[in-house]
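Below is one structure, written out as structure tokens; comments come after it.
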Amino acid sequence: MMKTISIINLKGGVAKTISAINIAYTLVKVRGKKVLLIDNDKQGNTSKFFNLHNYEDKSLADLLTDRDCNIHSVIKRTAYEGLDIIPANMNLLQANKEILLDVARPQQTRLRKALSQLNDEYDYCIIDNAPDINMTVINALVATDDVLVPIKVDKFAFDGLEQLLDQIANVQEFNEKIVFKGCFITMYQRNGVNVQGNEYLASSTDYPLFHTVVRKTVKVDETTFVGRPLLDYKKSTAGQDYEKLVKEYLEMC
Ligand SMILES: Nc1ncnc2c1ncn2[C@@H]1O[C@H](COP(=O)(O)OP(=O)(O)O)[C@@H](O)[C@H]1O
Ligand SMILES: [Mg+2]
């Protein structure tokens, strides 16, 4: 059975996209898994990373609005064997409105239904979500088994976490199996705020926290220019950390 993981945080710039890409690639490269990565953000950063952002091919918007759209017509190969993606672009903005207005069809369960067209082709589906709660994000949560929340520690780091938990609770009406697996700290630096932020989260019973932190390194920015996941790029702390994070995640399951 394919496991679906949502990477989500209502804040932007916390490494949702970088985490989705690198968790997906680590599962492929280190664990030999087959992974479908879904770009669920109209910014299309995951799609751009793999050089698969355009307006000619079908994208997630088509899958969610066109009743007759087969999921296989939307999936694109990346340069990496075992890693495929469903790209997104600005059409996702219109798709959100369209789903909302199209009350004749179920609105929240479309992605889950689309994913059910897959026949054991993938071990994992990783969804890179927009920093928002909209129809396509709700569709992602309804299709999700495990929720992972990247957190960058700053003054506003914990804003929106409560709302996110509320949303997960709401979605349980459609999806009983959804589990908030935990938060993990990204762009970690050994300084006072990061240590305190980590301690705060570790002591909070509302939010499970991964022991693994993903360290800050300039190599992450570099990978966005070359379009290569960390483990296919120069050796890096963050690459090792994503490997550790995946290990910690797999040991929980
Ligand atoms: N571990 C890290 N070290 C240094 N920079 C990072 C790290 N993780 C992410 N970044 C950078 O932070 C920025 C935001 O990351 P991104 O994944 O696009 O966030 P989001 O998808 O949450 O908006 C990007 O410029 C990215 O290169
Ligand atoms: Mg992003």
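Summarising the label geometry, the points placed 7 Å from Cα in the beta-carbon direction at ALA169 and LEU250 lie 3.5 nm from one another.
Largest to smallest in accessible area, the residues LEU93, LEU118, LEU10, LEU83 fall in the order LEU93, LEU10, LEU118, LEU83 (1.4 Å probe, all protein chains included). When MET1, MET252, MET135, MET187 are compared by accessible surface with a 1.4 Å probe, the order from highest to lowest is MET1, MET252, MET187, MET135. Here each label is just a point 7 Å from Cα along the line to Cβ, and for GLN189 and GLU98 those points are 4.4 nm apart. Taking the Cβ of TYR122 as the center, what net charge do the other residues with Cβ under 11 Å away carry, scoring Lys and Arg +1 and Asp and Glu -1? For residues surrounding TYR122, the net value is -1. How far apart, in nanometres, would the label points at SER116 and ARG31 be if each is projected 7 angstrom from Cα along the Cα-to-Cβ direction? Rounded to a tenth, the inter-label distance reads 2.5 nm. Angle, helix 192-203 long axis vs. longest principal axis of the chain, Cα atoms, 0 to 90°, nearest 10? For helix 192-203, the angle is close to 70 degrees. Summing charges over all other residues whose Cβ lies under 13 Å from the Cβ of ASN194, with Lys and Arg as +1 and Asp and Glu as -1, gives +3. Put a plus charge on the Cβ of each Lys and Arg, a minus charge on the Cβ of each Asp and Glu, and nothing anywhere else: the dipole of the stretch 3-252 about its Cα centre is then about 680 debye.
Heavy-atom accessible area for TYR249, with the other protein chains in place and a 1.4 Å probe, reaches approximately 10 Å². For the chain, the calculated P(r), taken from all Cα-Cα distances in 10 Å bins from zero up to the bin holding the longest distance, is 7, 33, 38, 18, 3, 0 percent.
Toward the positive end of the charge dipole of the chain, with +1 on the Cβ of Lys and Arg and -1 on the Cβ of Asp and Glu, the farthest Cα among ALA104, LEU201, ASN22 is that of ASN22. Excluding the site residues themselves, the longest part of the chain lacking any trypsin sites (Lys or Arg not before Pro) in a DSSP loop with at most 13 other Cβ atoms within 10 Å is 68-154. By accessible area, using a 1.4 Å probe on protein heavy atoms only, the stretch 3-252 has 47% of its surface on carbon and sulfur.
Would you mind telling me which residue in ASN191, ASN96, ASN170 has the biggest mean-square fluctuation in a Gaussian network model of the chain, where springs connect alpha carbons within a distance under 10 angstrom? Highest fluctuation of the listed residues: ASN191. Quick check: from the Cα gyration tensor, does the stretch 1-96 come out rounded (a/c under 1.5), prolate or oblate? In terms of gyration-tensor shape, oblate.
The values are calculated or read from the model by the stated rules, or taken from the named source; none is laboratory data. If you're wondering where the values come from, they're calculated on a predicted model, not measured in any experiment. Neighbour counts are summed over all protein chains in view; Cβ atoms, including those assigned to glycine, are modelled from backbone coordinates with ideal geometry. The area values use the complete protein model at the heavy-atom level, side chains included, leaving out ligands, DNA and RNA. Shrake-Rupley method; radii C 1.70, N 1.55, O 1.52, S 1.80 Å.
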